[in-house]
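S.K.: Mind looking over this structure? Questions follow.
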There are 4 protein chains.
Amino acid sequence: MAANDKIRIAIFGGSGYGGSELLRILLFHPNADVVLVTANEHAGKHVAKVHQNLNGLTDLVFTAAPDEVSDLKGVDIAFFGLPHGQALNLVPQLNRNIKVIDLSGDFRIDDPDIFRQFYKNEHAGEIQSKFVYGLTETNRDAIRTAEYVANPGCFATAALLALIPMAKSGLLEGKVVVDAKTGSSGSGAKAAANTHHPQRMNSFYAYKPFTHQHVPEIEQHLYNVANFDNELVFMSHSLPVSRGIFASCYLQTKVNLTNEDAENLFKHFYSDSFFVRFSEISPDVNWVKNTNFCDISVHTSGRNVVVFSALDNLVKGAAGQAVQNMNLMFGLDEKTGLMFPGSNP
Amino acid sequence: MAANDKIRIAIFGGSGYGGSELLRILLFHPNADVVLVTANEHAGKHVAKVHQNLNGLTDLVFTAAPDEVSDLKGVDIAFFGLPHGQALNLVPQLNRNIKVIDLSGDFRIDDPDIFRQFYKNEHAGEIQSKFVYGLTETNRDAIRTAEYVANPGCFATAALLALIPMAKSGLLEGKVVVDAKTGSSGSGAKAAANTHHPQRMNSFYAYKPFTHQHVPEIEQHLYNVANFDNELVFMSHSLPVSRGIFASCYLQTKVNLTNEDAENLFKHFYSDSFFVRFSEISPDVNWVKNTNFCDISVHTSGRNVVVFSALDNLVKGAAGQAVQNMNLMFGLDEKTGLMFPGSNP
Amino acid sequence: MAANDKIRIAIFGGSGYGGSELLRILLFHPNADVVLVTANEHAGKHVAKVHQNLNGLTDLVFTAAPDEVSDLKGVDIAFFGLPHGQALNLVPQLNRNIKVIDLSGDFRIDDPDIFRQFYKNEHAGEIQSKFVYGLTETNRDAIRTAEYVANPGCFATAALLALIPMAKSGLLEGKVVVDAKTGSSGSGAKAAANTHHPQRMNSFYAYKPFTHQHVPEIEQHLYNVANFDNELVFMSHSLPVSRGIFASCYLQTKVNLTNEDAENLFKHFYSDSFFVRFSEISPDVNWVKNTNFCDISVHTSGRNVVVFSALDNLVKGAAGQAVQNMNLMFGLDEKTGLMFPGSNP
Amino acid sequence: MAANDKIRIAIFGGSGYGGSELLRILLFHPNADVVLVTANEHAGKHVAKVHQNLNGLTDLVFTAAPDEVSDLKGVDIAFFGLPHGQALNLVPQLNRNIKVIDLSGDFRIDDPDIFRQFYKNEHAGEIQSKFVYGLTETNRDAIRTAEYVANPGCFATAALLALIPMAKSGLLEGKVVVDAKTGSSGSGAKAAANTHHPQRMNSFYAYKPFTHQHVPEIEQHLYNVANFDNELVFMSHSLPVSRGIFASCYLQTKVNLTNEDAENLFKHFYSDSFFVRFSEISPDVNWVKNTNFCDISVHTSGRNVVVFSALDNLVKGAAGQAVQNMNLMFGLDEKTGLMFPGSNP
């Protein structure tokens, strides 16, 4: 597409944090034109009254979700940032000329039984086959030609970017343990007991032991990309920061691996992936906050390997990766509109 | 009362932060025996399942609020930690042998018109005359013989302890400005938009400009105690800490005052008040968190004076001061059960 | 200057937070080319190893500060982000073709006696007359033609943007009280006792009562711009956020002022100032973090007025305003390179 | 000892967080009398000027560390809260009638080679054999008769209390992975880059991968207590809270284990241990802050088991456990002086 061409964009679910971040990014994307943004409870309100950070930067007004979404005139792509289960109903109604990126879990799982078990919903069925899994760094070719993209979960992005280089290396044996931690914005924009500031600010705890819904998504993509199906233990924890996911991934190799060997493996694997940065020391969620970067380090001790990955759950873990995927779907450089740095303090 | 005698205590509203703090203190008070604690939404649940900090420390079980509170057999005192407006109805039903300490604003304001304006409720009426205002340090004698105590608001406690020594000195002229800041626990135990962690942790803002309901309480007590009725500007702000109130009070004196003079005035005024500590530098809410202390400093520049006060909104600003008042009402040393220090980090 | 022309930039003091933020902004400024960045203790190190947020975004390497700064070949403008006192020595040595923006307090005060009193240094002397005070919104014309700009202090920016519209209105009488609060990044990038995380995270306190060095800067500019010299009481406090300044400014008017009148006064005053946003409710430092915005609200009660202003101390309070000034000095739109939004959570 | 008898106590290193917490606890311990507290850099200063939380609660004054510690007249027990390496020199000089509890790592490791490798110091030598490892819950009998106690590390306490019940069960096979996280007070009272508030408040990262000095301590005690020597992978991370350690321990059992079986195993193991509380859901560091409790939950999935433990690094992880040990050494109930609850918000 030409440098000045604009992609006409609809955002379903613009009041949550996913929608808020899509807006923050897309309003400054040189090829993006947001023409519709829905938020039922804020219909008629200026976007900037709900997302005060956008005050002065947009005149957009929230609309109610249209009853009929089939005919979104002139829209090129629709982003869905709705609670789990809603895009399942809406996407099939869409005019087939409209591309889709869904940020929920509705279209991430191919196996209907597994989907039902983890999401307590009926599986999408036939339309699922049109969805490409949007982990940009491992799925670029498929994404480029995809009409529909299922954007990965935040935990899944952090875990997969850490695990795939090792999984593909053929060096692994035994069980994989992923100890993952997320900031409070991962719980969404609605106030709830687990994000109540007086307690959360001093808090760290685990939740959903052995049962987090990102587990099957990680397993499925590890198998699809790396033919890897070793046992996976995944544990989710809550961090008292606003933004950030940190995954500590414990692996075992068939032979001793030096630190240098492991580092080279990662550097090589991500040599063409701008948004994955390799670090010699452990990354820090502070380095990547507000950015589309995923920072990774790897450390070995005999046959034990630990991989650390850090990203911003709302950017590389959601809206940023969605825009990265949109860029590919429209023939743009994947970095377009995503070249904003984080801040040091 | 004898050293081993126990005061039999009922707590109405034990699931909020006021009730939680009352329990934390009273369970370790040598003369306290909590015999009843209500929480409608948790009726039948162990207290320690709701307040996990008390796990292992109590077998108390929440009960529903009794329909009839008139006959609380054997109860010596009832604490009310209910939302504004509820104690108004319950207190008049109580058996007259039961003392009362109310932590809400229901019985703090003598003037019915002012009460209606700020609390949007009908005034208590006749029963109000039985209530003594529970700012311990300035009202000890009345509290000792009181049956009913209206425990001061958290902001009011911080402001009054800072203002009264100067107000009583006769040195003040002109307007008083109080810039007050509170931690997030001041908003209570229920999750809400303004205490949603992802935003609150990076947040500072003002609210209710010129209209906070603690204003008339401060004005009334300043007048009652110090015959002081200069104009008062009071502004409330939200701090991203869990606990703490900090008040910056800007005053003007009729003549120049040295720092030393001002310090001596405060030291002298509070020489018999264990829980007001004088500091040469600005106090810090970190010094007083989890304690019943109010730390104060005073600084002058010509005829300008600033007084800083810091306290824990849930302790000296609520439950701690309530227990301090209970101690006086039962002839105990006011420090009984309140001699726990805060922690440095 | 043409859209693709580049301003060649030297940054003295690139390892502190001021320098870090200058880099974050200038690396993405369409007309900026950072050709030199100094940091004595990091000389020879990659900038991105010190500011990990810039990893992957720059190949710049820190250099030691040159002994002789007179001949910075081809440099168009030098930013000074050094500790107070250092630019005083360096600026006079510079080649006269190089423009200067100094972020320290070295060139903000015209009166030598006052400067000495607050900064404990010898005054700049003659060269001071070449410095223009860089509060963009009130000094645009002078800044456009300035060679040397003294960038305002963070507190001073927040206070002045709140006070000047009222001060110029001629409506004020009596004393002005400014209760100002700053985030921890205001203390700089070096670890110190007052920014030690275990205590600071639970902390709020005042410091330097009546003696903060931004006081004379505020008074001088209020007088220069609005001929205003009413008494000013300014108090600085420490907030447990990373970024943000919030100023609560207490004023008195000669006549009663409605909220609407006061709002209109501000809206009109800043109608051409993109980076000052007017809010109906109190602004929040969370709304402006990482941005160049200053958000303001005003509220009245009879003749009492309070103005709240919120900004990011490192952006509008330092590096952002510096770039805004650079834009004017080089004939660019003042918004160039500064159109990045903050984030909601 | 009789209820009113006092243990005369010396604290070496009273300005750090370990010393600060010892003071906070011991000043309110019914059988404790702190007669000496050292802090070289604060010698001559009131303790309450350094630990403002203790203001009004003690008149103690810091002394310089005595050159000769041999003759501490009348002292019954000396606590050492000094940086690693200092107690090594001081303890051998002490009069043999004085009991010792050392909070550093100086006397935790029996094997001289391992000690040298992890602590870069010469091993204590012969005197080491007099030291009992002070993990109260697993070593009570030895502690009761010990003269010298090596108080466990904070990470080691969290890991060992989580691991020992399973390790002793004989049910485990394979590798153990401990993913451990600590609050910022674990880095001590001295300001440093990694505890600089502007960055730390948004931070989470790993450090010392595979090389943390608590590893050999955990391995040694697992072997001594449970004859357990399976491979251990231990990883330390930094949390942006002030207080708290959370350990996620990943285990594998030889046979499938139900949740209920695992829970019963823990409940039974700790049935006589007041300070270990069992929880059905994941514990939270917020529940245990400022307390001597360690909260534990266990969850199974087939042969995979995860144990979560949460404690306050400065209390159960340091000073609180030290006092618990002192109580045993002097024939007191181990709970004496430690029955303070944490707070909910």
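The values are calculated or read from the model by the stated rules, or taken from the named source; none is laboratory data. Source: prediction; values computed, not measured. Cβ atoms come from the backbone with ideal geometry, glycine included; neighbour counts cover every protein chain shown. Protein only, heavy atoms only, side chains kept; ligands, DNA and RNA dropped before computing areas. Shrake-Rupley method; radii C 1.70, N 1.55, O 1.52, S 1.80 Å.
S.K.: Have a look at C:Leu94, C:Leu72, C:Leu60 and point out the one that is in contact with a strand residue (DSSP E or B) (Cβ under 9 Å, 6 or more places away or on another chain), modelled with pLDDT of 95 or more and of a type outside the set (Ser, Thr, Tyr).
M.R.: Just one listed residue meets the conditions, C:Leu60.
S.K.: Can you confirm whether A:Ala322 is crowded, with 22+ Cβ neighbours inside 10 Å and in contact with an Asp or Glu (Cβ under 8 Å, 6 or more places away or on another chain)?
M.R.: On the way: crowded, with 22+ Cβ neighbours inside 10 Å: yes; in contact with an Asp or Glu (Cβ under 8 Å, 6 or more places away or on another chain): no.
The answer is no for A:Ala322.
S.K.: Looking at the stretch B:176-188, which of its residues are in a strand (DSSP E or B) and either within 7 Å of another protein chain (Cβ to nearest Cβ) or of a type in the set (A, V, I, L, M, F, W, C) (or both)?
M.R.: B:Val176, B:Val177, B:Val178, B:Asp179, B:Ala180, B:Lys181
S.K.: Then there's this: Go through (1) more than 16 Å from C:Ile245 (Cβ to Cβ); (2) away from chain B (no Cβ under 11 Å) for C:Asn304 and report which single condition fails.
M.R.: Evaluating C:Asn304 over (1) more than 16 Å from C:Ile245 (Cβ to Cβ); (2) away from chain B (no Cβ under 11 Å) leaves (2) as the failure.
S.K.: Being over 20 Å from A:Leu22 (Cβ atoms) and buried (at least 22 other Cβ atoms within 10 Å of the Cβ) is the requirement here; does A:Ile101 meet it?
M.R.: no
S.K.: State yes or no: is C:Lys168 open to solvent by 10 Å² or more (accessible area, probe 1.4 Å) and either assigned to a helix (DSSP H, G or I) or over 30 Å from C:Gly302 (Cβ atoms) (or both)?
M.R.: Answer is yes for this residue.
S.K.: List the number of the failed condition for C:Ala65; all other conditions in (1) open to solvent by 30 Å² or more (accessible area, probe 1.4 Å); (2) under 24 Å from the mean Cα position of the chain (by Cα); (3) within 18 Å of C:Gly19 (Cα to Cα); (4) at pLDDT 90 or above hold.
M.R.: (4)
S.K.: Is it the case that D:Ala159 is within 14 Å of chain A (Cβ to nearest Cβ), closer than 15 Å to D:Glu217 by Cβ and of a type outside the set (Asp, Glu)? Talk me through it step by step, then tell me what you get.
M.R.: Numbers: within 14 Å of chain A (Cβ to nearest Cβ): yes; closer than 15 Å to D:Glu217 by Cβ: yes; of a type outside the set (Asp, Glu): yes.
In short, yes.
S.K.: Further question: Can you tell me which of (1) modelled with pLDDT of 95 or more; (2) assigned to a loop (DSSP other than H, G, I, E, B); (3) within 28 Å of C:Val132 (Cα to Cα) is the one C:Ala191 doesn't meet?
M.R.: (3)
Quick grid of which residues meet (1) out of contact with any strand residue (DSSP E or B) (no Cβ under 7 Å at 6 or more places or on another chain); (2) open to solvent by 10 Å² or more (accessible area, probe 1.4 Å):
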position: B:Ile164; (1), (2): yes, no
position: B:Ala180; (1), (2): no, no
position: B:Arg200; (1), (2): yes, no
position: B:Ala206; (1), (2): no, no
position: B:Ile218; (1), (2): no, no
position: B:Ile245; (1), (2): no, no
position: B:Cys249; (1), (2): no, no
position: B:Asp261; (1), (2): yes, yes
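S.K.: Yes or no: D:Ser271 among the polar types (S, T, N, Q), open to solvent by less than 30 Å² (accessible area, probe 1.4 Å) and free of Cβ contacts under 8 Å to residues at least 60 places away in the same chain?
M.R.: It is false that D:Ser271 is among the polar types (S, T, N, Q), open to solvent by less than 30 Å² (accessible area, probe 1.4 Å) and free of Cβ contacts under 8 Å to residues at least 60 places away in the same chain.
S.K.: Do any residues in the stretch C:57-68 that are at negative phi have Cβ atoms under 6 Å from those of residues that are charged (D, E, K, R), where the two are at least six apart or on different chains, and which pairs are they?
M.R.: Filtered contacts from the stretch C:57-68: C:Phe62/C:Lys45.
S.K.: Separate question: If we scan the stretch B:14-27, do we find a residue that is within 11 Å of another protein chain (Cβ to nearest Cβ), under 24 Å from B:Asn313 (Cα atoms) and without any contact (Cβ under 8 Å) to a residue 40 or more places away in the chain?
M.R.: yes
S.K.: Restricting to the stretch D:130-165, count the residues that are in a helix (DSSP H, G or I) and either in contact (Cβ under 8 Å) with a residue 12 or more places away in the chain or within 20 Å of D:Val215 (Cβ to Cβ) (or both). Lay out the reasoning, then the answer.
M.R.: Taking the stretch D:130-165 and keeping what is in a helix (DSSP H, G or I), we get D:130, D:136-144, D:154-165.
Keeping just the survivors that are either in contact (Cβ under 8 Å) with a residue 12 or more places away in the chain or within 20 Å of D:Val215 (Cβ to Cβ) (or both) gives D:130, D:136-140, D:143-144, D:154-165.
Of the residues in the stretch D:130-165, 20 are in a helix (DSSP H, G or I) and either in contact (Cβ under 8 Å) with a residue 12 or more places away in the chain or within 20 Å of D:Val215 (Cβ to Cβ) (or both).
S.K.: If you scan the stretch C:280-301, which residues turn out to be more than 16 Å from the chain's Cα centre (by Cα) and either open to solvent by 10 Å² or more (accessible area, probe 1.4 Å) or more than 14 Å from chain B (Cβ to nearest Cβ) (or both)?
M.R.: Result: C:Glu280, C:Ile281, C:Ser282, C:Asp284, C:Trp287, C:His299, C:Thr300, C:Ser301.
S.K.: Just wondering, is there one or more residues in the stretch D:28-41 that are more than 11 Å from chain B (Cβ to nearest Cβ), more than 26 Å from D:His84 (Cβ to Cβ), surrounded by fewer than 15 Cβ atoms within 10 Å (Cβ to Cβ) and without any contact (Cβ under 8 Å) to a residue 24 or more places away in the chain?
M.R.: No, that holds for no residue.
S.K.: While we're on this one: Would you check which residues across the stretch D:223-271 are within 14 Å of chain C (Cβ to nearest Cβ) and assigned to a loop (DSSP other than H, G, I, E, B) and list them?
M.R.: Listed by number, the residues that qualify are D:Leu239, D:Pro240, D:Val241, D:Ser242, D:Arg243, D:Gly244.
S.K.: Among the numbered criteria (1) of a type in the set (Asp, Glu); (2) within 14 Å of chain A (Cβ to nearest Cβ); (3) surrounded by 21 or more Cβ atoms within 10 Å (Cβ to Cβ), which one does D:Glu173 miss?
M.R.: D:Glu173 satisfies every listed condition except (3).
S.K.: Quick check on the stretch C:327-345. Is at least one of its residues open to solvent by 10 Å² or more (accessible area, probe 1.4 Å) and farther than 21 Å from C:Asn31 by Cβ?
M.R.: Checked against the condition, which is being open to solvent by 10 Å² or more (accessible area, probe 1.4 Å) and farther than 21 Å from C:Asn31 by Cβ, the stretch C:327-345 yields at least one hit.
S.K.: With the requirement that a residue be open to solvent by less than 20 Å² (accessible area, probe 1.4 Å) and farther than 29 Å from C:Gln199 by Cβ, what does the stretch B:229-243 give you?
M.R.: Result: B:Val233, single match.
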